[in-house]
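Peer 1: Before I ask anything, here is the structure I am working with.
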Amino acid sequence: MSRKRKSLKHLLVIFIGTFISAALVGSGSELLVKRTTMIVAWVLLLVVIGVGILFDIIGTAAAAATETPHHARAANKVFGAKQAVRLVRNADTVANFSNDIVGDVAGTLSGAMAATIIMDLLRLYPVLDDKVIILNTIMLALVASITVTGKAFGKSLAISEADEIIFVVGKIVATFENLTGVDTSKKKKKGGKKSGDAGKN
C-alpha cells in the first residue's frame, strides 16, 4: 500500500508541476510572441522545438548509457563523471523528466506558439483571413515535421553516442552544483545499470 501511495504521490507531483510550469511558460511565451516581430517569433518557436529535441536526446541517452566508462572517469576524479554516473543510475527519472515532461510541454507550447504566429499573421495581413484553415494546416504540419525529424535524428545520435552525451550533461550538472552549492549526487544509490546493460526505449 505504501508503494502505491508513493507512486500516486509521485504522479500527483508530476501533474501539478507540469501544469504550473506549462501554464507559466506557455502564457509567458505567447505574450512574448505577440509583442515581438514575426522573425523573432519564428526564432522563439524554433528554440522551443529545439529544447524539446535536446531533452529527448538526453532522455534517450540516459536510458542507453552504461555506468562503466563514467566509473572509470570518476575514479580519476574527472569533472562531471560522478554526476554522469548518477544520471545513468536514475535513467528512468531522467527519461521521464526529459522525454515526458519537458518534451511534451515543448510540443504543446510549440503548437500554441504556432497558432499565435498565425493569428498575428492574419492581423498584419487581413487579406489572408479566408485562408486561415490552409495556413493553420501548413503551420502545424511544418512544426510537426521539424519536431519529428529532429527527434528521429536525435534518437539515433543519442543511442550511438549515449555515454559521451551523458558525460557532457554530467559536466553541466557539475557546473550547476558548483555555482549553486547543491550536490545532487549525494542521494541514495540503488540498482543501476552495469556495463552490459544497454537502455531500452
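The values are calculated or read from the model by the stated rules, or taken from the named source; none is laboratory data. Being a predicted model, the structure only gives us computed values, none of them experimental. Virtual Cβ from ideal backbone geometry, glycine too; neighbours counted across all protein chains shown.
Peer 1: Out of all the residues in region 145-201, which are in a loop (DSSP other than H, G, I, E, B), modelled with pLDDT under 90 and among the acidic types (Asp, Glu)?
Peer 2: Result: ASP183, ASP197.
Peer 1: Of the conditions (1) in a helix (DSSP H, G or I); (2) in contact (Cβ under 8 Å) with a residue 12 or more places away in the chain; (3) surrounded by fewer than 20 Cβ atoms within 10 Å (Cβ to Cβ), MET113 fails just one. Which one is it?
Peer 2: Every listed condition holds for MET113 apart from (3).
Peer 1: For region 88-111, indicate whether the set of residues that are modelled with pLDDT of 90 or more and either in contact with an Asp or Glu (Cβ under 6 Å, 6 or more places away or on another chain) or under 16 Å from LEU44 (Cβ atoms) (or both) is non-empty.
Peer 2: The answer is yes; a qualifying residue exists.
Peer 1: Within region 79-94, is there a residue that is surrounded by fewer than 16 Cβ atoms within 10 Å (Cβ to Cβ), assigned to a helix (DSSP H, G or I) and not hydrophobic (A, V, I, L, M, F, W, C)?
Peer 2: Yes, some residue in region 79-94 is surrounded by fewer than 16 Cβ atoms within 10 Å (Cβ to Cβ), assigned to a helix (DSSP H, G or I) and not hydrophobic (A, V, I, L, M, F, W, C).
Peer 1: With the condition kept exactly as written, say whether any residue in region 143-160 is without any contact (Cβ under 8 Å) to a residue 24 or more places away in the chain and either more than 22 Å from LEU44 (Cα to Cα) or crowded, with 16+ Cβ neighbours inside 10 Å (or both).
Peer 2: yes
Peer 1: Oh, and also: When you look at THR108, is it farther than 25 Å from ALA64 by Cβ, in contact with a Lys or Arg (Cβ under 8 Å, 6 or more places away or on another chain), touching a residue at least 12 places away in the same chain (Cβ under 8 Å) and surrounded by 13 or more Cβ atoms within 10 Å (Cβ to Cβ), yes or no?
Peer 2: no
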